[in-house]
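Quick notes on the structure that follows.
The values are calculated or read from the model by the stated rules, or taken from the named source; none is laboratory data. Predicted, not measured: the structure shown is a model, and the values here were computed from it. Cβ atoms come from the backbone with ideal geometry, glycine included; neighbour counts cover every protein chain shown. Side chains included, ligands, DNA and RNA excluded: accessible areas come from the protein's heavy atoms. Shrake-Rupley method; radii C 1.70, N 1.55, O 1.52, S 1.80 Å.
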Amino acid sequence: MTGFTPAPSSADLGVYGLGVMGANLARNLARHGHAVAVYNRTTARTERLMDNHAAEGEFVPAADLADFVASLRSPRVAIIMVQAGAGTEEAIGQLAELMEPGDIIVDAGNTLYTDTRRREEALRDRGIHFVGMGVSGGEEGALLGPSIMPGGTEESYQRLGPMLESISARADDGAPCCTHVGPDGAGHFVKMVHNGIEYADMQLIAEAYDLLRHVGGLSVAEIAEVFRSWKDSELDSYLIDVTTEVLSRTDPATGQPFVDVIVDAAGQKGTGVWTTQTALELGVAVPAIAEATFARAASSSADARAAVRGASIELGASQDAPLAGVEREAFIEAVRQALYGSKIAAYAQGFDEIATASAQYGWNIDLGAMATIWRAGCIIRARFLEDITRAYAQEPELASLLTAPVFSAALAGALPAWRQVVATSALTGVPAPAFAASLAYVDQLRAERLPAALIQGQRDFFGSHTYHRVDDPTGVYHTLWSTPERAEEKWN
Ligand code: NAP
């Protein structure tokens, strides 16, 4: 047994789970003047936190969960930051047994929003507020200021908000990167889409790198400098900074560019898959996010890659020689334009997914506020989010980000170069699936007519699935395809 003897009702809130994220979140809270109760299943972690960081603020350590709960002042707030899935389920169950009506349990891990909705409903019946809360920024963000996306009731936010806003990142204008997203699973939903956008952003940057290297003929060091120079453009973002750092590094063991000694198989923990699956269920098109998720899967399909490489399939045209001079400079600029256009398309898809879910679940999410709280602290923080914030401030009911004047003008400027880059990718065999999917997304949305009319004809032909007519858009029609004399019937 440890010597922890937490005084009852002495802590403002508590953190359950002192892994990297939980410990850093607890320290951030303590550093901002909040008395933080801390508990971990394995007490050694609690002891380690106290040994190393007790001086940073007021901690109330507990070795026993009942003592931890008793140390929280009422209405109690316990933030769970444990392993997603089974660990979180277990922790919620244990806490719920010890909490009272009016208390607040916060799940700060990455949880699928449908699980959050289910848990919120079950705990609401017992009078306990359950808050699914997205936290972005990795371990450094948790300590120094993350972007925080809490869901749950308004009432719970009144208790939680001031504490969370005090520890969140701050945008350049001083605004906290934390706001009440909406009821039940809204916070976890927005965090999920944030991660989906992150997947798309990373894939688009990776495609730009690949094209610059294998079509443009630039060295890794030269590409690092290109990315560094893009900091002075609309592309300025944390992920561009990260990319520059990775590409600038040389492997000390071999002297090669570091990127060349990393196995080219991208891992994933599931939020990209969730964002894509959820979009499919909601009927929202998120092709850039989906392609980014598929690209990670394709990269990790080692057997299939080896087999197809070994089969020596004739791949057709490829780049004859690296570009040089003016042509090379023009290509670099074209890739930048393609990256910017694709990025606008990817964010438009993510915001569309949030808007669709918000309407379906009655969450009433303020899309502009989401852009506002992503401006600092999180992985997708970028200058670009200032433009999104302004776009929603000017027109809160934007049907698509693509229609905001700042972005429609940018797209018009980027499209010619973007088309060239996608065509070059196809002709040279250097794959750029997210560039291509993003371009097709824009072209689909701007098309006067889509071949969906033909698909409706096909569906009606083989399955009597009916269609609407352009001269009667609400009427439901079916054609008797085998009886030309009575070709069409109106069913409704
Ligand atoms: P982690 O490795 O995912 O989890 C470790 C913590 O979970 C330890 O405190 C562990 O306790 C506890 N735990 C595991 N199973 C448990 C159980 N059945 N009952 C009680 N506690 C249990 O740690 P992490 O990386 O700090 O992540 C925590 C959460 O934050 C996850 O949901 C993750 O998805 C989310 N998240 C992580 C990041 C990141 O950058 N790492 C960013 C955003 C969100 P013991 O010490 O007893 O084993």
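Can you pull out every residue in region 197-254 that is open to solvent by less than 10 Å² (accessible area, probe 1.4 Å), under 18 Å from Ala432 (Cα atoms) and of a type in the set (S, T, N, Q)? The answer is none; no residue qualifies. Taking region 282-363 and the helices (runs of 4 or more DSSP H) fully enclosed by it, the elements with 1 or more residues that are among the hydroxyl-bearing types (Ser, Thr, Tyr) are at 287-299, 325-361. Criterion applied to Val82, Val135, Val69, Val131 was being in a loop (DSSP other than H, G, I, E, B) and within 16 Å of the ligand (Cβ to nearest atom), and the one residue passing it is Val82. Candidates are the residues of region 138-162 that are open to solvent by less than 10 Å² (accessible area, probe 1.4 Å) and assigned to a helix (DSSP H, G or I); the one that is nearest to Leu239 (Cα to Cα) is Gly141. Just one residue in the set Glu225, Glu165, Glu245 is in a helix (DSSP H, G or I), out of contact with any Lys or Arg (no Cβ under 7 Å at 6 or more places or on another chain) and under 16 Å from Thr372 (Cα atoms); that residue is Glu165.
If a residue must be touching a helix residue (DSSP H, G or I) at 6+ places or on another chain (Cβ under 6 Å), away from the ligand (no atom under 13 Å from the Cβ) and open to solvent by 10 Å² or more (accessible area, probe 1.4 Å), how many such residues does region 6-40 contain? Summing the residues that are touching a helix residue (DSSP H, G or I) at 6+ places or on another chain (Cβ under 6 Å), away from the ligand (no atom under 13 Å from the Cβ) and open to solvent by 10 Å² or more (accessible area, probe 1.4 Å) in region 6-40 gives 5.
Quick check on Ala409: is it without any contact (Cβ under 8 Å) to a residue 12 or more places away in the chain and within 26 Å of the chain's Cα centre (by Cα)? In short, yes. Just name the residue that is most open to solvent (accessible area, probe 1.4 Å) out of those in region 41-64 that are aliphatic (A, V, I, L, M), away from the ligand (no atom under 15 Å from the Cβ) and out of contact with any Pro (no Cβ under 8 Å at 6 or more places or on another chain). Per the stated criteria, the residue is Ala55. The residue that is farthest from Val190 (Cα to Cα), counting only those in region 116-128 that are touching a residue at least 12 places away in the same chain (Cβ under 8 Å) and part of a helix (DSSP H, G or I), is Leu123. Take Arg76 and decide whether it is within 9 Å of the ligand (Cβ to nearest atom) and basic (Lys, Arg). No. The one condition from (1) among the small types (Gly, Ala, Ser); (2) within 22 Å of Ala330 (Cβ to Cβ); (3) modelled with pLDDT under 95 that Ala487 does not meet is (2).
In region 256-302, the qualifying residues are those that are among the charged types (D, E, K, R) and at pLDDT 95 or above, and the one that is most open to solvent (accessible area, probe 1.4 Å) is Glu281. Test Ile388 against the criterion of being in a loop (DSSP other than H, G, I, E, B), of a type in the set (A, V, I, L, M) and touching a residue at least 40 places away in the same chain (Cβ under 8 Å), and give yes or no. Taking the combined requirement at face value, the residue does not satisfy it. For Ala108, the test of being in contact with a Gly (Cβ under 6 Å, 6 or more places away or on another chain), under 19 Å from Leu25 (Cα atoms) and within 12 Å of the ligand (Cβ to nearest atom) is failed.
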